[in-house]
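Written below as structure tokens is the structure these notes are about.
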Amino acid sequence: MDAVWQSLKEYFVASRGVSGGDSSARRRSLTNTQFWTERTVTNHHVFVSREESLDYLDWRNSCYLFYDQFLPLGGHDGLTILDYGCGPGHDLVGFAEWSKPRGLIGVDISPASLAAARHRLTLHGRLPLQLLRIQDGSRVIPLQDGCVDLIHSSGVLHHAPNPEEILSEFRRILKPHGRVHLMVYNYNSIWLHLYVAYQRQIRDGIDSDLSLAEAFKRSTDGPDCPISRCYRPQEFLALATRCGFQGTYQGAAISLFEMSLLPLRYQALASQRLTKEHREFLKSLRFDEYDRPLYDGNVAGIDATYMLTKGGAR
Ligand SMILES: C[S@@+](CC[C@H](N)C(=O)[O-])C[C@H]1O[C@@H](n2cnc3c(N)ncnc32)[C@H](O)[C@@H]1O
């Protein structure tokens, strides 16, 4: 295994639970707050310089093809920006460096992540930064009505017990012409149909006793992650509409890990144990000029991105 692939693998182990042989004997029951305090997406790494912090952000973004174009961190000058579920501050760093925000607010349930974000952001100069801890499941985000121009939330709502309440709070705290940029896990992905349904459950016998949804939950951020869901685009857009938003599906970023699994689809298609739904998904894939797999014309990656604006009056 060469050094680049080794470090990628370490990244996916740290942040996306590509752990391989987790057995049912090791299943632990943690609260969301316990889990996200024990584990952060930077694996508790302490950054020592601005260059190291930026290099890591660049590398993280490049692990998901075109991720930074779907959820841009630059070009938001003069705005008050909330990063909801900011973790140890990846995207706050990007906003600090590539936008000139009027205000930058990070909210998270994890004290460990907030402490890491606070330290990391000191490497990026003086900023109008506010970091707030929220309780998991809280029905209220402690910010005033209509005070935020841009809400960014990457990889968070699918881990929360109450996504509908959080989206309703987003609507309350957003200015009338504000926008929400979101990433949630994608059902229509290589991750779900090839990695979970075939590689883990059939080929490697991992979580083969569990439903697809449960097996998916244990595959993304580590086997102990208490909540991890994925949505079909139409399901997520319907949820956003129920919360008073008009939503647009922006497309999905695909991880290099998913790209590396693509040759496995032939073995998967040859397996009699793979159910028809997954076979049909894999058979229908087409490929674009970057070799990204397309399902129904859209990139079949794990990171589905959306843009929401306030809909009509509620
Ligand atoms: C996969 S990490 C993503 C972190 C960051 N957004 C990033 O892209 O690097 C998920 C984050 O969501 C936070 N989180 C989980 N449930 C939450 C909730 N109900 N409200 C706010 N943050 C939550 C976790 O503490 C964790 O930092």
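The values are calculated or read from the model by the stated rules, or taken from the named source; none is laboratory data. Values in this document were obtained by computation on a predicted structure and should not be read as measured data. Cβ sites come from the backbone with ideal geometry, for glycine too, and all protein chains shown count toward neighbours.
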Quiz item: Hey, any hits in region 285-293 for a residue that's surrounded by 14 or more Cβ atoms within 10 Å (Cβ to Cβ) and part of a helix (DSSP H, G or I)?
Solution: no
Self-check item: Residues within region 93-111 that are at pLDDT below 95 and within 11 Å of the ligand (Cβ to nearest atom), tallied
Solution: 0
Quiz item: Failed condition for Phe170, given (1) outside any loop (DSSP other than H, G, I, E, B); (2) over 12 Å from Thr80 (Cα atoms); (3) more than 21 Å from the chain's Cα centre (by Cα), with all others met?
Solution: (3)
Quiz prompt | Single match in His158, His193 (criterion: part of a helix (DSSP H, G or I) and within 16 Å of the ligand (Cβ to nearest atom)) | solution = His158
Quiz item: Counting just the residues of region 14-65 that are more than 12 Å from the ligand (Cβ to nearest atom), part of a loop (DSSP other than H, G, I, E, B) and buried (at least 19 other Cβ atoms within 10 Å of the Cβ), which one comes out modelled with the highest pLDDT?
Solution: Phe47
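Condition check ((1) free of Cβ contacts under 8 Å to residues at least 24 places away in the same chain; (2) in contact with a strand residue (DSSP E or B) (Cβ under 8 Å, 6 or more places away or on another chain); (3) part of a loop (DSSP other than H, G, I, E, B)) across all residues:
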| residue | (1), (2), (3) |
| --- | --- |
| Gly74 | no, no, yes |
| Ile81 | no, yes, no |
| Gly87 | no, yes, yes |
| Val93 | no, no, no |
| Asp136 | no, no, yes |
Quiz item: Out of curiosity, is Leu269 part of a helix (DSSP H, G or I) and free of Cβ contacts under 8 Å to residues at least 40 places away in the same chain?
Solution: yes
Quiz item: Does Phe236 count as at pLDDT 95 or above, crowded, with 18+ Cβ neighbours inside 10 Å and in contact with a strand residue (DSSP E or B) (Cβ under 7 Å, 6 or more places away or on another chain)?
Solution: yes
Self-check item: Residues that are within 16 Å of the ligand (Cβ to nearest atom) and in a helix (DSSP H, G or I), drawn from region 196-227
Solution: Phe216, Lys217, Arg218, Ser219, Thr220
Exercise. Test Leu167 against the stated conditions and say whether it is within 16 Å of the ligand (Cβ to nearest atom) and touching a Pro at 6+ places or on another chain (Cβ under 9 Å).
Key: no
Quiz item: Can you find a residue in region 176-185 that is near the ligand (Cβ under 9 Å from one of its atoms), in contact with a helix residue (DSSP H, G or I) (Cβ under 7 Å, 6 or more places away or on another chain) and either at pLDDT 95 or above or charged (D, E, K, R) (or both)?
Solution: no
Exercise. Could you tell me whether any residue of region 113-122 is near the ligand (Cβ under 9 Å from one of its atoms), under 21 Å from the mean Cα position of the chain (by Cα), part of a loop (DSSP other than H, G, I, E, B) and not acidic (Asp, Glu)?
Key: no
